[in-house]
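Working notes for the structure below.
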Amino acid sequence: MATVSPRRKSEGKALKRSLGAEVDDEQLAQEEAKRQKHLKKVKVLGEKDESEKLLEDLVFGADDELVDRLTWEDEENVGSSLIEEESSESEVENEARLLVQPARKAAWEDEDEGEDEVDMTHRYRRDFMKGDAERRLPKQKLQQRLQEQFKRAMGGTPSWAERADKSKKKGKKHSNADEDEDHTDDEDDDLLRKTGNFVASSESLPKGIIQIKNCLNANNDRPSEGRLTTVQFHPSAQVVMTAGMDQSVSFFQVDGKTNPKIQSIHLEKFPVHKAQFSADGEQVVATSIHNKMFYVYDMMEGKIIPVYTVRGLSEKKVKDFEVSPDGGFLLLSGTSGYLHLVTMKTKELVRSLKINGEVMGAAFSSDGGKVYTSSDEGEVFVWDVKSSRCMNRFTDDGSLRGTSIAVSRNGQYLACGSSSGVVNVYSHDTCLQESNPKPLKAIMNLLTPATSLRFNPSTEILAIASSAADEAVRLVHIPSFTVFSNFPVSRRKNILLPQSLDFSPHSGFFSVANNKGRALLYRLKHYTDF
């Protein structure tokens with residue numbers, strides 16, 4: 001059996017070791033090649049395109065900028081809710097702005113708007129020219145003239161315009177923003193300081209159309225069987241009196257709805273020509289047609305007192321009369337131009353006054369110190385009661401025959417009616433000073449003799465009427481002296497031959513007595529009190 005020498009064994013072992021080392025090196029090289037290959041693949045997969053890199057930088061910024069931004073957002077996260085609220089409000093405002101419609105084109109443009117001067121020959125501006133040299137005027141000057149005309153028409157600068165001017169002047173003194181805020185708080189408009197209904201009726205009665213309502217007849221509970229000659233409101237109570245040819249005097253409570261009768265007195269064989277309350281409202285004086293006797297009814301005691309004769313009075317009959325506002329005298333109209341002053345207390349004659357012609361109408365001044373009389377010759381006489389002196393005498397403008405006369409309660413106006421239907425309204429002062437005064441206005445709305453005139457207590461209305469025609473009643477606005485266009489209110493004729501008219505103490509009601517025994521009653525809505 002062959003044997004292997006030790007030398008050979010050792011060489012074989014060395015060969016095996018060398019071969020193993022070569023194998024390991026080869027394996028390592030292969031593994032390294034595989035690893036490098038994998039690294040290349042990973043590197044290719046992990047790389048970003050340049051466009052992608054650029055987009056990330058634009059959106060997020062560079063790496064350092066992104067870190068700083070994220071840190072800042074974390075620090076400012078506390079105020080994010082407020083920022084979101086403000087942004088939401090701004091979004092709402094932006095949406096509102098988007099919803100605003102574009103401004104529409106003007107329907108009309110002023111031709112002179114761009115010019116510094118205005119053509120005054122235009123028919124709407126012609127009245128403002130003061131001469132041919134003013135064919136063109138600066139805008140500012142024209143505006144000044146328009147303001148002056150407005151002030152004249154309004155009787156001065158209106159209160160609302162004065163308040164506006166004052167607020168403008170005060171606003172100029174506060175130029176700083178802080179001062180303006182404080183000033184605005186102190187100078188707030190009255191409209192913002194209180195609540196309530198700010199749409200209120202005007203204090204003064206407007207012209208044109210009067211707010212009036214037709215009510216139940218004042219004497220509906222007891223209509224007169226004959227012609228009514230008198231309707232008068234009580235000076236202090238909510239009562240109206242009617243009297244007429246049916247020989248009765250009646251009293252009614254006025255509420256505009258039922259108007260219940262209070263009392264009615266009958267005067268035997270005494271057709272009432274006129275009845276009137278005393279100044280205090282405690283008595284009623286009544287005269288007839290053919291008698292010189294007259295009655296006094298004491299309302300407090302309920303007594304009817306006949307006055308058969310007045311000592312010193314030689315008149316055969318007593319028809320027309322007036323009671324003085326102070327309650328001291330009774331003015332009786334006699335014949336042949338005589339007027340007789342009789343004391344209310346004792347019914348005795350004090351003195352007599354005489355005018356030319358026949359007395360057609362008489363009236364006391366508001367203080368009772370003067371007497372105004374109208375004659376059938378168209379003349380007006382002014383008397384002083386205390387001295388019995390004629391203070392002035394003048395001819396009623398254009399009048400041939402006077403028919404009625406009335407004085408306003410404030411003593412500012414005197415109205416004279418004539419047989420032609422014309423009613424002249426004069427200033428009271430000119431009637432005392434001039435011998436031929438010119439009327440402030442000649443009212444020509446009646447075609448038949450003006451037999452009844454009455455100013456309302458506030459001197460804003462003059463009621464005129466003629467007993468010779470149906471519906472011949474007009475209400476005249478003062479101080480414009482224009483007739484209210486909506487009165488009479490009814491198309492159907494119900495104011496048949498108006499005989500008498502009167503206003504309640506505070507102008508809340510107006511009544512007209514007609515020849516059919518009816519006292520028509522109207523509510524004047526502008527006045528809140530009776």
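The values are calculated or read from the model by the stated rules, or taken from the named source; none is laboratory data. What you are looking at is a predicted structure, and each value in this text was computed from that prediction instead of being measured. Neighbour counts are summed over all protein chains in view; Cβ atoms, including those assigned to glycine, are modelled from backbone coordinates with ideal geometry.
Details
- Test: residue in segment 394-402 that is farther than 16 Å from residue 361 by Cα, touching a residue at least 24 places away in the same chain (Cβ under 8 Å), of a type outside the set (Lys, Arg) and buried (at least 18 other Cβ atoms within 10 Å of the Cβ): no
- Summed over segment 292-306, residues that are surrounded by 13 or more Cβ atoms within 10 Å (Cβ to Cβ) and either polar (S, T, N, Q) or assigned to a loop (DSSP other than H, G, I, E, B) (or both) total 3.
- Filter result for residue 364 (crowded, with 18+ Cβ neighbours inside 10 Å and in contact (Cβ under 8 Å) with a residue 40 or more places away in the chain): yes
- Residue in segment 282-291 that is touching a residue at least 12 places away in the same chain (Cβ under 8 Å), in contact with a Pro (Cβ under 8 Å, 6 or more places away or on another chain) and buried (at least 18 other Cβ atoms within 10 Å of the Cβ) present: yes
- Residue in segment 249-263 that is at pLDDT 95 or above, surrounded by 17 or more Cβ atoms within 10 Å (Cβ to Cβ) and closer than 20 Å to residue 319 by Cβ present: yes
- Selection from segment 371-387 of residues that are among the polar types (S, T, N, Q) and crowded, with 19+ Cβ neighbours inside 10 Å: 373, 374, 375
- Of all residues in segment 362-381, those being part of a strand (DSSP E or B) and under 19 Å from residue 448 (Cβ atoms) number 1.
- Filtered residues of segment 309-358 (kept if farther than 22 Å from residue 374 by Cα, touching a residue at least 24 places away in the same chain (Cβ under 8 Å) and of a type in the set (Val, Ile, Thr)): 310
- Whenever a residue of segment 410-438 is among the aromatic types (Phe, Trp, Tyr), its partners that are assigned to a strand (DSSP E or B), lying with C-beta atoms within less than 6 angstrom and at least six residues away or across chains, give the pairs 413/425; 426/414.
- Subset of segment 269-303 that is among the hydroxyl-bearing types (Ser, Thr, Tyr) and within 17 Å of residue 239 (Cβ to Cβ) - its residue that is farthest from the chain's Cα centre (by Cα): 297
- One residue stands out in segment 443-495 among those that are farther than 17 Å from residue 415 by Cα and in contact (Cβ under 8 Å) with a residue 40 or more places away in the chain: the one that is farthest from the chain's Cα centre (by Cα), namely 467.
- Qualifying residues in segment 307-361 (those that are outside any strand (DSSP E or B), small (Gly, Ala, Ser) and out of contact with any Lys or Arg (no Cβ under 6 Å at 6 or more places or on another chain)) - the one surrounded by the fewest Cβ atoms within 10 Å (Cβ to Cβ): 336
- Residue in segment 127-134 that is under 31 Å from the mean Cα position of the chain (by Cα), modelled with pLDDT of 65 or more and surrounded by fewer than 12 Cβ atoms within 10 Å (Cβ to Cβ) present: yes
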